[in-house]
1. Part of a loop (DSSP other than H, G, I, E, B) and modelled with pLDDT under 95: is that true of residue 6 in this structure?
2. Name the one entry in 254, 245, 221 that is of a type in the set (A, V, I, L, M) and free of Cβ contacts under 8 Å to residues at least 40 places away in the same chain.
3. So, of the residues in the stretch 40-93 that are assigned to a strand (DSSP E or B), without any contact (Cβ under 8 Å) to a residue 40 or more places away in the chain and of a type in the set (Val, Ile, Thr), which turns out to be farthest from residue 188 (Cα to Cα)?
4. Of the residues that sit in the stretch 188-214 and are at pLDDT 95 or above and of a type in the set (Lys, Arg), which one is farthest from residue 240 (Cα to Cα)?
5. Count, please, the residues in the stretch 415-426 that happen to be touching a helix residue (DSSP H, G or I) at 6+ places or on another chain (Cβ under 8 Å) and among the basic types (Lys, Arg).
6. Out of all the residues in the stretch 378-391, is one or more surrounded by fewer than 21 Cβ atoms within 10 Å (Cβ to Cβ) and either part of a strand (DSSP E or B) or within 16 Å of the ligand (Cβ to nearest atom) (or both)?
7. Find the residue count for the stretch 346-365, including only residues that are surrounded by 14 or more Cβ atoms within 10 Å (Cβ to Cβ), more than 16 Å from the ligand (Cβ to nearest atom) and of a type outside the set (Gly, Ala, Ser).
8. Among the residues of the stretch 243-255, is there at least one that is away from the ligand (no atom under 16 Å from the Cβ) and part of a helix (DSSP H, G or I)?
Amino acid sequence: MSVSKKGMLINMIRMFETHEKRIQKELGGLWKLETLDSEGNISGSYTAVIPSCWESVIGLEDYRGRAKYSVNISTSSKNLRFVFKGISHTGDIYLDGKHIGHHYNAYTPFTVPVSGCTEGEHLLEVIADNRFTPDSSLHVPNDYRTYGGINRPVALEELGNAYIEYLHVKNTRSDDGWKTQFVAKVCRFEDNRSSYTATASLAGKTVDFGNIVFEGSSAIITASTEFDSVNEWLPETPNLYIAHIKLFENGEYIDDLKERIGFRDIKIYGEKILVNGKQVFLKGFNRHEDYGTLGSAVPENVMNYDLDIIASTGSNFVRTCHYPNDERFLDLCDEKGFFVWEEGHARGLNEDRMKNPNFKKQSADCIEEMVLNHFNHPSIIIWGILNECASHTEYGAECYKLQYDQLKELDPSRPRTSATCQHLKDLCYGMEDIISLNIYPRWYTWYGNDYAPLEHYKKIKEYIDTCISSPKPVIISECGAAAIYGYRAFSHVKWSEDRQCDVLKELIEELSSSDEISGIAIWQFADCRIDDDFRDWNSRPKTQNNKGIVDIYRNPKQGYYTVKDCFTKIKEYK
Ligand code: ADA
């Protein structure tokens, strides 16, 4: 946390300053942490730096349960908003003992507005719960660990009578330049007689939203403009602009929000993916948010380090498997020029799990929070859903359709996809804009499946062609092999780094040689911890998924050099 020239606190919950007017204080530092038993009684007392996972607290390395975090805050405003960027996986929020908020899902941000607060000191408490109860449809024992605690930053905002909830900047490219539409949501705490107006500025132009007409406590406002010459966003020139919206009450400037945007559009033509008119080839990695003993609360310098390692392999692409990522990571992707596939939260849910009564609502909430909060990131070029879920059953397909429709409604500007492993049974081919295949030739070979990568792909593609009426781009969304860091063997047996190199080389060289394939994401960037109760724990030595090209502390395996050697030979544009 640091102090700006005007004496207001600025924070590091994003990678750029988001307000000049609104007071937003980061609630970092040391909080009290108490574990709770099944009756809700305190079973242990600790302290924790926020954000962090409780697995990085001595004594809680393997804790699964409930715990209460508390901190004293002080405020001089009666209207407040608490911003939680992520609580794993269920959070209940209390102010001075009163329940003020509830949220499910570790990987999406949420806010809790509070009105009528008194000036002075208050007690903020958060009860986090990472148990796999029947209520939890998306957080289930899995091939990545559901950690516990306040794993992303927290902030307190001091507000006036009204505030800006979000600003979306929608850019459309035409032959004459760019058309820009601003869409913002404004909220007010009470229905008073004030009149509200707003302006937004971007790239030297300012637009006026006119008088704001509220329906109840909120209003959606829009304004448009055009630009004939801007610096477009592409990985090699990641030009970013600040869009700044200001809110006025009876002419007085009371609130603001800055969003960082890029001028970039995505078009799908047949089998091609075009970004700002250029046909791209996506080459990169699947990356879990996980680092050593720190778990999913990955510090900013590690996020940055990860992206530098990824860039050094000649990659231009990251898939945020299998959930929405920390906004600071997405900010870095915008700045450093990566293409991102961001994904709703779900991995490997079979039909029974998808029939959990909470599944549809919890998925819809996650998708809505992902799109509303991450809309402006130019790096995000694809929305993903439902990795390897029951896309081969009637009921499963109904759920896929629901989620694809929801995404289209929220954001028609980005293509949608889903990574499937139901290659010859999938009922959802045709619903997506991009076909994405998770394939593991040369690794999962024991069911008579030991084909060379391209042959394996072609068998699947032949089937897909019988299901779809017009061509679509294809991405190999996962492929790879595991290696235990440091295990070298002349025999190149499975689990040796030598075998991992052989497989990676064959995969990348063969798959990138096909004109039909628009991208390859290696499974995976770094080894990650898995849940102890994950069904396939016995093929996960060290309780980790070991298919990283770096280990859980980012030490390079030999595979890092293999991927680098292969990726640097492949062009970004076709
Ligand atoms: C799947 C899944 C990944 C991971 C991978 C593996 O394709 O999508 O999350 O579990 O398999 O390592 O087997």
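1. Considered against the rule, which asks whether it is part of a loop (DSSP other than H, G, I, E, B) and modelled with pLDDT under 95, residue 6 comes out as yes.
2. Values: 254 fails: free of Cβ contacts under 8 Å to residues at least 40 places away in the same chain; 245 fails: free of Cβ contacts under 8 Å to residues at least 40 places away in the same chain.
Of the residues listed, the single one that is of a type in the set (A, V, I, L, M) and free of Cβ contacts under 8 Å to residues at least 40 places away in the same chain is 221.
3. Looking at the filtered set, the residue picked out is 42.
4. Among them, the one singled out is 188.
5. Selection size over the stretch 415-426: 1.
6. yes
7. Going through the stretch 346-365 one residue at a time, the tally reaches 8.
8. Within the stretch 243-255, not a single residue is away from the ligand (no atom under 16 Å from the Cβ) and part of a helix (DSSP H, G or I).
The values are calculated or read from the model by the stated rules, or taken from the named source; none is laboratory data. Predicted, not measured: the structure shown is a model, and the values here were computed from it. Note that each Cβ is placed from the backbone with ideal geometry, even for glycine, and that neighbours are counted across all protein chains shown.
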